[in-house]
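The values are calculated or read from the model by the stated rules, or taken from the named source; none is laboratory data. Predicted model, so just to flag it, every value in this text is computed and none were measured. Heads up, the Cβs are rebuilt from the backbone with ideal geometry, glycines too, and the neighbour counts pull from every protein chain shown.
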Amino acid sequence: MTTVAEPAAESPFHAGEHRVQERLGVRAIEEWARKVVRPYLPEQHREFYASLPFLVAAGRDEQGRPWATLLTGQPGFASSPDPESLAIAAEPGPGDALADAFAEGADIGFLGIELATRRRNRINGRVAGRRPGSIACAVGQTFGNCPQYIHERAWRWIDREPAGTATRGRTLTAAQRAWIAGADTFFIATGHRGSGEHPSFGMDASHRGGAPGFVTVVDDRRLTIPDYPGNNHYNTLGNLELDPRAGLLFVSFATGSLLQLTGRMTVEWSPDAAAHADRLLHFEVDEIVEQPTVLPLRWETDAADFRELRLAEKIRESDDVTSFVFVASDGRPLPPFEAGQYLPIALDVPGLAEPLRRTYSLSGAPSTERYRISVKREPHGAASRFLHDAVDVDTTLRAGAPSGDFVIGCRSCPVVLVSAGIGLTPFVSMLHAILEEESTRPVWFVHGARDGRHHPLAAELRALAARRAGVTVHVAYSRPRPEDSGHDSVGRVDGALVDRLVSAPDAHYFLCGPIGFMAAVQADLERRGVRAERIHSESFGPRHASA
């Protein structure tokens with residue numbers, strides 16, 4: 001029997017997650033995760049859960065098999081009496097695979113997800129109390145998630161229709177195979193509990209999404225699922241490393257029906273390039289539960305929310321970054337956006353059966369007339385290569401409404417924008433917005449780039465800073481060329497540099513760039529006395545949607 005080394009007490013990850021991170025070369029995520037994986041719910045997450053009409057829940061049946069389900073209620077049915085607990089005024093119904101799962105002390109995982117805005121947050125913990133119609137959860141870990149591949153859907157509450165009789169089986173029917181083959185969303189439950197106690201132990205509920213048909217139905221017991229880049233935590237893959245059992249949940253958004261599967265998952269780490277995915281997950285069914293019309297919710301698909309945009313300008317910003325300026329094809333005003341938000345787009349790439357969906361930060365001034373995104377060309381990024389190489393002026397594509405909550409919430413506080421590489425894009429938009437305000441709040445924009453050839457939007461940034469007093473721009477080049485003159489210092493941006501430049505103790509700090517960069521800067525700032533709640537971040541990691 002293989003011995004699994006248990007994680008250090010201060011690590012937010014268990015041994016399986018460490019193994020996968022080592023294998024994929026992302027162990028640097030550890031330092032960053034220690035900042036964002038918390039043993040409690042921050043106030044904004046407590047408010048978020050209270051606004052939701054449903055939660056995804058993960059647990060195990062009496063045989064120890066993982067399953068996922070939905071718990072529903074009018075907004076407020078989930079509440080957080082204190083930062084270490086979550087109370088749910090709902091429970092699985094009598095035909096649900098998890099109907100008898102959540103006894104006191106049982107592991108439980110939650111995914112709070114708002115499909116209309118693509119926000120999500122995950123909790124793992126234990127059942128602290130159970131009464132008829134309610135579940136109390138003691139929080140073990142909580143953290144936000146990457147919004148990539150979430151299909152935007154608005155929900156509506158309906159008068160509860162009579163639920164059909166739940167059925168069980170061991171092979172997928174023709175109707176169930178068609179349901180899965182047409183899905184663009186499902187949820188997955190995995191878990192691990194090692195010896196002793198550690199916050200990383202327990203159940204995990206996670207979202208998976210893609211174009212309709214992204215899940216391949218091999219036969220009546222086997223599925224193949226592409227595994228796309230995410231937040232580099234690899235919680236699901238880490239759990240599977242130590243326990244191959246998994247539960248899948250498919251939701252019929254039109255009928256309110258649930259299809260629950262439990263079985264075993266294997267990981268194909270190096271699939272053929274034709275898979276268009278970093279890895280493939282192969283799932284073999286053990287048991288199936290179908291619950292017809294069981295939910296009091298219905299969701300609208302996101303298709304109606306996508307507008308056709310026309311590329312009006314294509315601007316080369318640096319050796320590897322190009323800006324794309326879009327206007328509405330129909331001439332109508334575009335949905336407004338807040339500086340710092342992103343634009344979901346769908347790209348119809350020749351040779352691919354379904355569109356590539358990506359999200360890119362809006363880099364221009366907030367406007368209802370034009371959207372600008374500035375995209376780095378990644379050598380292995382299918383979407384970024386297509387945009388750079390094949391999308392020309394007057395080309396049309398489809399885009400959703402801008403979304404995201406990486407925005408400046410305070411109205412007059414001093415603002416410090418700290419970026420590296422392509423991470424400056426939302427901050428250029430923020431600086432545009434700040435300069436349109438009536439306030440004269442001080443702003444510091446600190447950016448790190450390799451050299452002048454890899455410094456997009458450089459002239460625009462300097463021109464914006466010159467428009468009024470109180471805006472300080474500092475650019476550091478790590479490897480400047482002899483002919484470079486657009487920088488203020490040589491070296492990398494770190495907390496010490498930011499601390500030397502900033503003179504406002506009440507400032508809010510916004511970080512955007514590679515994960516390792518943000519982790520180091522945040523750690524430096526906190527050591528120098530900046531409170532964690534004044535530091536806000538957005539990841540542009542090595543496998544971000546810029547690909």
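Looking only at residues of region 12-35 that are at pLDDT below 85 and among the β-branched types (Val, Ile, Thr), we find that the one that is surrounded by the fewest Cβ atoms within 10 Å (Cβ to Cβ) is 26. Could we say that residue 411 is part of a loop (DSSP other than H, G, I, E, B), closer than 30 Å to residue 120 by Cα and either in contact with a Lys or Arg (Cβ under 9 Å, 6 or more places away or on another chain) or touching a residue at least 24 places away in the same chain (Cβ under 8 Å) (or both) here? Answer is yes for this residue. Out of the residues in region 383-403 that are under 20 Å from residue 369 (Cβ atoms) and of a type in the set (D, E, K, R), state the one that is surrounded by the fewest Cβ atoms within 10 Å (Cβ to Cβ). That would be 394.
Which of the following residues is surrounded by fewer than 23 Cβ atoms within 10 Å (Cβ to Cβ), within 18 Å of residue 413 (Cβ to Cβ) and not aliphatic (A, V, I, L, M): 468, 479? Break it down stepwise before answering.
Numbers: 479 fails: within 18 Å of residue 413 (Cβ to Cβ).
Exactly one of 468, 479 is surrounded by fewer than 23 Cβ atoms within 10 Å (Cβ to Cβ), within 18 Å of residue 413 (Cβ to Cβ) and not aliphatic (A, V, I, L, M), namely 468.
Which residues, counting only those in region 175-230, are farther than 25 Å from residue 33 by Cβ, part of a loop (DSSP other than H, G, I, E, B) and touching a helix residue (DSSP H, G or I) at 6+ places or on another chain (Cβ under 9 Å)? If the condition is that a residue be farther than 25 Å from residue 33 by Cβ, part of a loop (DSSP other than H, G, I, E, B) and touching a helix residue (DSSP H, G or I) at 6+ places or on another chain (Cβ under 9 Å), then 212, 213, 215, 219, 220 are the ones that fit.
Residue-by-condition table, conditions (1) outside the structural domain of residue 349 (by TED's automatic domain parsing); (2) assigned to a loop (DSSP other than H, G, I, E, B); (3) out of contact with any Ser or Thr (no Cβ under 7 Å at 6 or more places or on another chain); (4) under 29 Å from residue 327 (Cβ atoms):
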| position | (1), (2), (3), (4) |
| --- | --- |
| 368 | no, yes, yes, yes |
| 380 | no, yes, yes, no |
| 387 | no, no, yes, yes |
| 427 | yes, no, no, yes |
| 430 | yes, no, yes, yes |
| 434 | yes, no, yes, yes |
| 438 | yes, yes, yes, yes |
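Taking residues in region 498-510 that are in the same structural domain as residue 430 (by TED's automatic domain parsing), and partners anywhere that are hydroxyl-bearing (Ser, Thr, Tyr) and not in a helix (DSSP H, G or I), the pairs with Cβ atoms closer than 8 Å and at least 6 places apart or on different chains are 498/509; 501/472; 510/537.
Contact map, region 514-540: first residue under 16 Å from residue 496 (Cα atoms), second residue of a type in the set (Phe, Trp, Tyr), Cβ cut-off under 6 Å, separation 6 or more or different chains; pairs are 519/32; 535/509. All conditions in (1) in contact (Cβ under 8 Å) with a residue 24 or more places away in the chain; (2) of a type outside the set (A, V, I, L, M, F, W, C); (3) under 15 Å from residue 144 (Cβ atoms) hold for residue 19, with the sole exception of (3).
Only one residue in 294, 267, 289 is surrounded by fewer than 20 Cβ atoms within 10 Å (Cβ to Cβ) and in contact (Cβ under 8 Å) with a residue 24 or more places away in the chain. Which one? Give the steps one after another, and end with the answer.
On the way: 294 fails: surrounded by fewer than 20 Cβ atoms within 10 Å (Cβ to Cβ); 289 fails: surrounded by fewer than 20 Cβ atoms within 10 Å (Cβ to Cβ).
Selected residue: 267, the only one of 294, 267, 289 that is surrounded by fewer than 20 Cβ atoms within 10 Å (Cβ to Cβ) and in contact (Cβ under 8 Å) with a residue 24 or more places away in the chain.
Among the candidates 476, 496, single out the residue that is under 19 Å from residue 525 (Cβ atoms) and touching a Ser or Thr at 6+ places or on another chain (Cβ under 6 Å). Give the steps one after another, and end with the answer.
Working: 496 fails: touching a Ser or Thr at 6+ places or on another chain (Cβ under 6 Å).
Checking each option against the conditions leaves just 476.
Scanning region 303-318 turns up no residue that is modelled with pLDDT under 90, surrounded by fewer than 19 Cβ atoms within 10 Å (Cβ to Cβ), over 25 Å from the mean Cα position of the chain (by Cα) and not assigned by TED's automatic domain parsing to the domain that holds residue 424. Considering region 435-450, the residues that are touching a residue at least 40 places away in the same chain (Cβ under 8 Å) and in contact with a helix residue (DSSP H, G or I) (Cβ under 9 Å, 6 or more places away or on another chain) include one that is nearest to residue 478 (Cα to Cα), namely 448. When region 231-257 is filtered for residues that are surrounded by 19 or more Cβ atoms within 10 Å (Cβ to Cβ), assigned to a loop (DSSP other than H, G, I, E, B) and more than 22 Å from the chain's Cα centre (by Cα), only 256 remains.
Screening the candidates 243, 227, 220 for the property of being charged (D, E, K, R) and within 15 Å of residue 262 (Cβ to Cβ) yields one hit, 243.
Counting only strands (runs of 3 or more DSSP E) wholly contained in region 291-348, the ones carrying 3 or more residues that are farther than 15 Å from residue 384 by Cβ occupy 297-299, 307-316, 321-328. Checked against the criteria, residue 260 does not count as over 14 Å from residue 66 (Cβ atoms), of a type outside the set (A, V, I, L, M, F, W, C) and surrounded by 21 or more Cβ atoms within 10 Å (Cβ to Cβ).
When the residues of region 404-415 are filtered to those that are at pLDDT below 95 and either assigned by TED's automatic domain parsing to the domain that holds residue 456 or more than 25 Å from the chain's Cα centre (by Cα) (or both), the one that is surrounded by the fewest Cβ atoms within 10 Å (Cβ to Cβ) is 411. When 138, 68, 128, 58 are checked against the criterion of being modelled with pLDDT of 90 or more, among the small types (Gly, Ala, Ser), crowded, with 18+ Cβ neighbours inside 10 Å and touching a Ser or Thr at 6+ places or on another chain (Cβ under 8 Å), 58 stands alone in meeting it.
Take residue 427 and tell me if it is of a type in the set (Phe, Trp, Tyr) and touching a Gly at 6+ places or on another chain (Cβ under 9 Å).
On the way: of a type in the set (Phe, Trp, Tyr): yes; touching a Gly at 6+ places or on another chain (Cβ under 9 Å): yes.
Criteria met by residue 427.
If you filter region 465-498 down to residues that are in contact with a Leu (Cβ under 9 Å, 6 or more places away or on another chain) and part of a helix (DSSP H, G or I), you find that the one that is farthest from residue 513 (Cα to Cα) is 465.
Which ones in region 443-464 are among the aliphatic types (A, V, I, L, M) and either assigned to a loop (DSSP other than H, G, I, E, B) or in contact with a Cys (Cβ under 9 Å, 6 or more places away or on another chain) (or both)? Write out each step before concluding.
To start, the set of residues in region 443-464 that are among the aliphatic types (A, V, I, L, M) comprises 443, 446, 449, 457-459, 461, 463-464.
If the condition is that a residue be among the aliphatic types (A, V, I, L, M) and either assigned to a loop (DSSP other than H, G, I, E, B) or in contact with a Cys (Cβ under 9 Å, 6 or more places away or on another chain) (or both), then 457 is the only one that fits.
Suppose the filter is modelled with pLDDT under 95, surrounded by fewer than 23 Cβ atoms within 10 Å (Cβ to Cβ) and over 22 Å from the mean Cα position of the chain (by Cα); does residue 44 pass it?
Values: modelled with pLDDT under 95: yes; surrounded by fewer than 23 Cβ atoms within 10 Å (Cβ to Cβ): yes; over 22 Å from the mean Cα position of the chain (by Cα): no.
So residue 44 fails the test.
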